[in-house]
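Trainee: Below is a structure I'd like to ask you about.
Every read-out reported here was derived from the displayed coordinates using simple, explicitly stated rules and does not represent laboratory data. From a predicted model like this one, the values you see are computed outputs, not experimental measurements. Cβ sites come from the backbone with ideal geometry, for glycine too, and all protein chains shown count toward neighbours.
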Amino acid sequence: MKTHRAITTSERQNKMNSRLLKRVILAGIFLSAAMLEAATVMWTGGAGDSNWSSAANWSTGSVPAAGDDIFIHNATVNWDINGGLPGNCTINLSGSAILNTLSVIRASACTFNVGNPATLSGGFWDLDNGTFVFEAGSSATMPNWEQKGQNSFTFDLNSSGFTPLTPGTLRFGGGATIANATYIADMQDYEGDTGIITLVDFSNATLTDAEFQTATLNVLNAGNYTANLQWNETSKSIELNITDLRRLDLILYQTP
């Protein structure tokens, strides 16, 4: 008859530590593999059909994957896939690039760098945890702009201001509210006067300025300006209100 030796507390702890170590090693392997798979992918339009799903349209010969850096320049690309973008990718639109959805596009925690005069357009944009950086002169004309999860929006002004983005209806999905969003106006290049600059002009929205003020609102590189972000309940728009400008030339003139 076989007898079984009782496992000591020390041996049991060693086994648990061994299992934990194996899991950590496997997680590291999977993370390293994901990092190695991330690639720089350029739109070439080789397939001639403007569809995201056509592998021949991409410089790597395959459709972009999660974590990839994607570059689209002077081309119209149609999102023709039923589902979300590859997660955590970075999409860079430059020149006259247009990223258009034929139905629904899900941001999937991607970052969108939208240069002048590039455009986001078409259908329904589920902004699912996406980060969006709009350069002055870029456009957003989608009929439906649905904020979901944690969204961040940056508006980079040029020397004279910002051309308003003109999406249709402002929506909130997945339990998100305006308080889950971050809005940033970067005045680094601005050289204009005081006044109101419209950043986003929705055609339809149900929101008050009091609600908008619960979002994270930042004005960067204001320099000698005093400015704040606000919601215009009448025009249904996000505005940068520049209320003061400390003119260095006047300060020097008035200094005895």
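Trainee: Taking amide H positions as placed 1.01 Å from N in the peptide plane, with prolines and chain starts having none, which residues 5 or more places from residue 165, or on another chain, fall under 5 Å of its amide H?
Mentor: Long-range HN contacts for residue 165: 200, 201.
Trainee: Also, I was wondering about something else. Order by neighbour count: 211, 191, fewest other Cβ atoms within 10 Å first, most last.
Mentor: Starting with the residue having the fewest Cβ neighbours, the order is 191, 211.
Trainee: Please work out how much length the chain gains when fully extended from residue 210 to residue 243, using 0.36 nm per residue of separation minus the C-alpha to C-alpha distance, in nm with one decimal.
Mentor: 10.0 nm
Trainee: Semi-axes, largest first, in whole Å: what does sqrt of 5 times each Cα gyration tensor eigenvalue give for region 40-254?
Mentor: Three semi-axes, in Å: 33, 20, 14.
Trainee: Then there's this: Sort 212, 112 by Cβ crowding within 10 Å, fewest neighbours at the top.
Mentor: 212, 112
Trainee: What length, rounded to one decimal in nm, is gained on full extension from residue 49 through to residue 188, with 0.36 nm per residue of separation minus their alpha-carbon distance?
Mentor: Computed gain between residue 49 and residue 188 is 46.1 nm.
Trainee: Calculate the spin-label point distance for residue 228 paired with residue 177, positioning each point 7 Å from the Cα along the beta-carbon direction, and give it in nanometres.
Mentor: 2.0
Trainee: Also: If I take every Cα pair under 8 Å that is 6 or more residues apart in region 47-187, average their sequence separation and divide by the length, what percent do I get for the relative contact order?
Mentor: 15
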